[in-house]
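The values are calculated or read from the model by the stated rules, or taken from the named source; none is laboratory data. It should be emphasised that the depicted structure is a prediction, and the values quoted were computed from it without experimental measurement. Here Cβ is always computed from backbone atoms with ideal geometry, including for glycine, and neighbour counts include all displayed protein chains.
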Amino acid sequence: MPSPDTLVAELRTRAKALGFDSFGIAPADARPDLPEKLQAALDAGWHGDMDWMADTATRRGSPTELWPEAKSVILLGINYGPESDPLALLDEPRLGAISVYARNRDYHEIIKGKLKELAGLLARRSGAQVKVFVDTAPLMEKPLAEAAGLGWQGKHTVLVSRDFGSWLFLGAILTSAALPGDKPHAQSCGSCTRCLDVCPTKAFPAPFQLDSRRCLAYLSVEHKGPIPLEFRAPMGNRIYGCDDCLAVCPWNKFASVSREAKLRARDDLERPALADLVQLDDAAFRALFAGSPVKRIGLHRFLRNVLIAVGNSADTGMVPLVEARLGSDDALVRGAAIWALRRLDPARAEVLALAYLPGEDNSDVASEWTVDIV
């Protein structure tokens, strides 16, 4: 068995060859402050309807609670830096803005295979036990990555790297091997508040705190119900995720375009037309987003997002496409279509309300005809 330092050097070399851009190690018990911080966020309700965060709070707060045999955590990062400024697309309201991370292959699939290969090397060389994670277990990767020296959690709560800005996917290997740790990274945001100031829904109660209930990334991806009324206009043309707080970080000036081809934006997902997206049926949706993270929210939630973007577009030429969705068999889609129609053509919406409202037996959807719009 090689010495710990020799083993770590071998792992670093292999990680780079596998395509990882960052590598660091922290003791499994490096962040004893996490349980208290997590509980404070849960008590404040900032997790929204992500009940699984509360259900797994004990294990999520500490790697050793998740796996008592864990002694070290290896944190790996892959750069997914975009080729262009994602904020530029927000000025083109007839196009849909998909978050940078979801414009090609699902990063879980890409990273997990690489993690397994690296973990296998560790197990063979040391005889230690290993477990790999890519957002698939209650593990707080970002603060652990900070402890492992990959970067620091910015005021927007996302990991920031001196080399890659806000554009790092994280994966982790828990191991029973006691490996030499790296120096934790110092917090380096200074007095900058760009990420807090740019948020269209004011989702940050304070620096380093995020209220998911106000976050467009959460609302468009994790939230399963109707988008709360106050957040629909601020969504603009964001139809999956939100990159605003990441994109304005000054540390992005050191970032580079991802060298992983499967993480670079597909042409058809970089600037998709809302008029095309709003017409997708289930088969077309699955075909377009095959292999993409977008597929996991399903057609109905996706159409909810698209219809809100259409309502924000001011393009009355899409009114017929919106009207076609009023007959959807899904209440989530019908409700979003009503809101979009009332934004684009209030007079037409008033006429149609007389036809649809009397027979509408879903009170949530019925209220969409009469609730004040923003």
Item to complete: Answer with yes or no whether Asp182 is touching a helix residue (DSSP H, G or I) at 6+ places or on another chain (Cβ under 7 Å), touching a residue at least 24 places away in the same chain (Cβ under 8 Å) and in a loop (DSSP other than H, G, I, E, B).
Response: no
Discussion item. Of everything in the stretch 331-355, what is in contact with a Lys or Arg (Cβ under 7 Å, 6 or more places away or on another chain) and over 21 Å from Ile239 (Cα atoms)? Give them in sequence order.
Written reply: Ala349
Response to the item:
Residues of the stretch 21-43 being in a helix (DSSP H, G or I), closer than 30 Å to Gly81 by Cβ and touching a helix residue (DSSP H, G or I) at 6+ places or on another chain (Cβ under 7 Å), in sequence order, are Leu34, Leu38
Worksheet entry | From Ala336, Ala349, Ala324, Ala340, residue being among the hydrophobic types (A, V, I, L, M, F, W, C), part of a helix (DSSP H, G or I) and free of Cβ contacts under 8 Å to residues at least 24 places away in the same chain | Ala349
Worksheet item: Can you name every residue in the stretch 303-321 that is surrounded by 19 or more Cβ atoms within 10 Å (Cβ to Cβ), in a helix (DSSP H, G or I) and in contact with a Leu (Cβ under 8 Å, 6 or more places away or on another chain)?
Response: Leu303, Arg304, Val306, Ala309, Val310, Gly311, Met318
Practice prompt. Output yes when any residue across the stretch 349-361 is outside the structural domain of Ile111 (by TED's automatic domain parsing), closer than 29 Å to Leu263 by Cβ and surrounded by fewer than 23 Cβ atoms within 10 Å (Cβ to Cβ), and no when none is.
Written response: no
Fill in: Selection within the stretch 43-91 - surrounded by 14 or more Cβ atoms within 10 Å (Cβ to Cβ) and under 30 Å from Ala314 (Cα atoms)
Pro82, Pro86, Leu87, Leu89, Leu90
Worksheet entry | Hits in the stretch 227-257 - residues which are modelled with pLDDT under 95 and either of a type in the set (Lys, Arg) or part of a loop (DSSP other than H, G, I, E, B) (or both) | Lys253, Ala255, Ser256, Val257
Worksheet, complete the sentence: In the stretch 49-69, anything closer than 15 Å to Leu144 by Cα, without any contact (Cβ under 8 Å) to a residue 60 or more places away in the chain and among the charged types (D, E, K, R) is listed as Glu65
